[in-house]
Structures are given as C-alpha cells and as structure tokens.
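Undergrad: Sharing a structure below in structure tokens format, with a few things to ask.
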Amino acid sequence: MTAGGFTYEGVPTRVVFGLGARHGLAEELDRLGLSQVVLIASGSSRAEADAMVARLDHRLTWRVDGVRQHVPAELAQAVTADAVRVGADGVVTLGGGSATGLGKVLALSGLPLVAVPTTYAGSEMTPVWGLTTGGRKETGRDPQVVPRTVVYDPELTYGLPPLVTAASGLNALAHCLEALWAEGASPLSGPIALDGARTLCEALPAALAHPQDPKARSRALVGACQAGLALATAGAGLHHKLCHVLGGRYDLDHAQTHAALLPHVVAFNEPALGSLAAKMAVAVGAGRASTGVHDLAVRMGLTPALSELGMPESAIDEVAAEVAAAPPANPRPVDEAGLRSVLRAAWEGDGPG
Ligand code: NAD
C-alpha cells in the first residue's frame, strides 16, 4: 500500500442510545421482523431480564440465564441446539461481554443479534467472536456476528458493581489505545479511539464516585461504544493477543487482566510511537499514557498485579514463548525476551518505570 494509504471497513449497526432506551426494545425487534427470539441474560441481570421478558411478550421463545466468561464451547453448543429446537429467529443479549459473546456465537449460525450491553466491554460494536475449547480461546472476525441493533441504556449500568465498572472500563480503554497503533489504524479510526480514551478516563472515576449519575454513566457508555467501534475498525494487536492467551489458558478474569497488563504494553510501545505517544498521554490526562493508565487503575481500586488474579509465575515464560512464535504486528518489534519483561512487570504489578 502507498504511504498514507489505508483500508477502512465500517460497522453496519444501528445504535439506539438513551436513558430508558430499553423500553423501546420490542419496537426494535419489530423493525427487524423478529418474532421468536432467544433472550440471553447475565445472572446478575436477572431482575432486568424478568422485566424484559414482559416487554418482549409474544416475541420471546426461550430464555437463557447461565452465561460464563470466555464463551465455553460446550455452553455455546448447548444454547445453539436449544435455539434450533425452539425455532428461534433471533437473539437478544442483556448483559456484559460474556452475554454478548454467547449471543455472537449463535449469530455465527445465522441468527440476527440485538445487543443490550450493561458493561463497558464494547463487544457489541465489533465483528469479533470468541470461543474457548479445552483452555484455548479461539477468536475470529465475521460480519455476521455484528449486532443488527445495539440498544444502550445507561440506566442499566447504575447497579454495576464498582469492580466491573472499573475493569470493563479499562478493557474499553485498552480497545481505544491499541486501536491507535494496531495494523488497521487509520485517519478514520484514530479520532474516535482518542476521543473514546479521553471520555473513558474522565467518565469512569465520575461514574464510580456517583454510580447513579445519568451524565457520568452516559458518558462512560458512550466511551465504551467508541471503544468497541475503534477496536472493530482498527483491529487488535499485541495487548489483546496476550490477554486472550492468558484468559484462555488460566481462566483469568478478562477485564481485570486487560487492566493489569495495559500499562505495560503501552510502556513497551511508547518509545516506538513518536508523536502518537504524546497524543495518548493527553487523552489519558497524564504525562505518560502508561503511567496514567496504571494510576487510573489503582485509583479505581483494581489490582495492578496479574499474580493476584491467579496467573502462575510459570505463565510468564509459557505465554511469552507462545506469543513470540506468531507475534502480531506491533509498532515495536516483539521478541520473547521483550514479552517476558512485559509479562513479569504486569505479574508483579509495579507501575511502568
Ligand atoms: P461479564 O460480561 O462477564 O460481566 C462481569 C460481571 O458483571 C458478571 O458477573 C455479570 O453478571 C456482571 N454484570 C454485568 N452487567 C451487570 C449489571 N448491569 N449490573 C450488575 N452486574 C452486572 O464481563 P465483561 O467485562 O463485560 O465481558 C468480558 C467478556 O467479553 C470476555 O469473555 C471477553 O472476551 C469478551 N469481550 C469480547 C469483545 C469482542 O469484541 N469480542 C470485546 C470485549 C470483551
């Protein structure tokens, strides 16, 4: 490609955003002609799922409450078989990235997906699906898994536990920052990634301080939507790759793993980013983006140490070797020694030097 050339593929999703937007879900299904949907809801969204059952009325044919992180293949197979058995013509998800992720696997089999996200994971805006079989997480891109409609209602996030607010918010921040240096980064994805990073860094502490503040919750959710869009259009890179390998192998909490690792991958890349490093620092609101992300995570009560999330020390060498064997494109060349130092720093949890 010529210098300055780029390829951009947009996300064909209808986004309906607003306080109380969930009340219009039935109309959104009617608009898509869906009349026999499966509802997949996170366990913690049970009360809201009950209300949604009433709202969907005759459009609902089956309900799934058992959602698990990283989309275990056996769960995906069972739910897909149920959807076929009941003759579903679509899927509605209510919950965080785990509910959306299970819905995406159903969408892979051709069922249109409507997502109602309740965390800041951002998965609802991406064509990326994930499936974990025997400790190995496989991910792929397929436009078929992009929700036809995403309904964002900040009121659904008022009860989000502080840990989930902070961790899923930093997962979204990781989408934004990696989208700035990923292989598919372009003049179309960059501005939204930078704005998403700025929005999240400002709104997340405000949402933690005032969990029921409509303005803070709305801004944080806008940031999550921007983050998902940035990831969808620019792609992922080294940071997401490391998180997926760690999450799949050791069943670590996805969002908290992102939060602990992000400062160190940013620090690793900062010397290779040129003027982008300064733009990232401004967006994060710190002298250096890497230390700014670390300080934000700690200020929001997250552990900066992967060791505290259950990552064994032996994983440092194992994961470094696995990722170095097929490294993703990255601004700074990736080798096994470099990965070991990134992983050790994140395992110990000290701030980036
Ligand atoms: P999650 O969906 O597992 O939710 C975390 C916890 O918060 C769960 O216990 C859930 O029940 C609870 N919860 C969710 N919404 C709530 C609410 N409104 N109130 C109270 N509790 C609530 O975690 P997550 O961080 O949202 O998503 C992580 C998953 O998403 C991982 O599997 C990850 O791989 C995937 N993901 C995928 C993409 C993608 O583009 N494909 C992007 C980001 C994350």
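Undergrad: Before we move on, is Leu25 closer than 17 Å to Asp89 by Cβ, more than 15 Å from the ligand (Cβ to nearest atom), touching a Pro at 6+ places or on another chain (Cβ under 8 Å) and in contact (Cβ under 8 Å) with a residue 40 or more places away in the chain?
TA: The answer is no for Leu25.
Undergrad: Looking only at the stretch 80-88, decide whether some residue is over 22 Å from the mean Cα position of the chain (by Cα) and near the ligand (Cβ under 10 Å from one of its atoms).
TA: No, there is no match, as no residue in the stretch 80-88 is over 22 Å from the mean Cα position of the chain (by Cα) and near the ligand (Cβ under 10 Å from one of its atoms).
Yes/no per residue for (1) assigned by TED's automatic domain parsing to the domain that holds Gly184; (2) assigned to a helix (DSSP H, G or I); (3) hydrophobic (A, V, I, L, M, F, W, C); (4) free of Cβ contacts under 8 Å to residues at least 12 places away in the same chain:
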{"position": "Gly248", "(1), (2), (3), (4)": "yes, yes, no, no"}
{"position": "Leu252", "(1), (2), (3), (4)": "yes, no, yes, no"}
{"position": "His258", "(1), (2), (3), (4)": "yes, yes, no, no"}
{"position": "Pro263", "(1), (2), (3), (4)": "yes, yes, no, no"}
{"position": "Met280", "(1), (2), (3), (4)": "yes, yes, yes, no"}
{"position": "His294", "(1), (2), (3), (4)": "yes, yes, no, no"}
{"position": "Pro312", "(1), (2), (3), (4)": "yes, no, no, no"}
{"position": "Asn330", "(1), (2), (3), (4)": "yes, no, no, no"}
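Undergrad: Check whether at least one residue in the stretch 186-199 is basic (Lys, Arg) and more than 24 Å from Arg288 (Cβ to Cβ), and report yes or no.
TA: No, that holds for no residue.
Undergrad: Within the stretch 97-121, count every residue that is more than 7 Å from the ligand (Cβ to nearest atom) and among the polar types (S, T, N, Q).
TA: Number of matching residues: 1.
Undergrad: Answer with yes or no whether Cys225 is closer than 26 Å to Asp350 by Cβ and either surrounded by 22 or more Cβ atoms within 10 Å (Cβ to Cβ) or not acidic (Asp, Glu) (or both).
TA: no
The values are calculated or read from the model by the stated rules, or taken from the named source; none is laboratory data. Fair warning: this is a prediction, and the values are worked out from it, not measured in the lab. Using ideal geometry, Cβ is built from the backbone for each residue, glycine included, and neighbour counts are taken over all protein chains shown.
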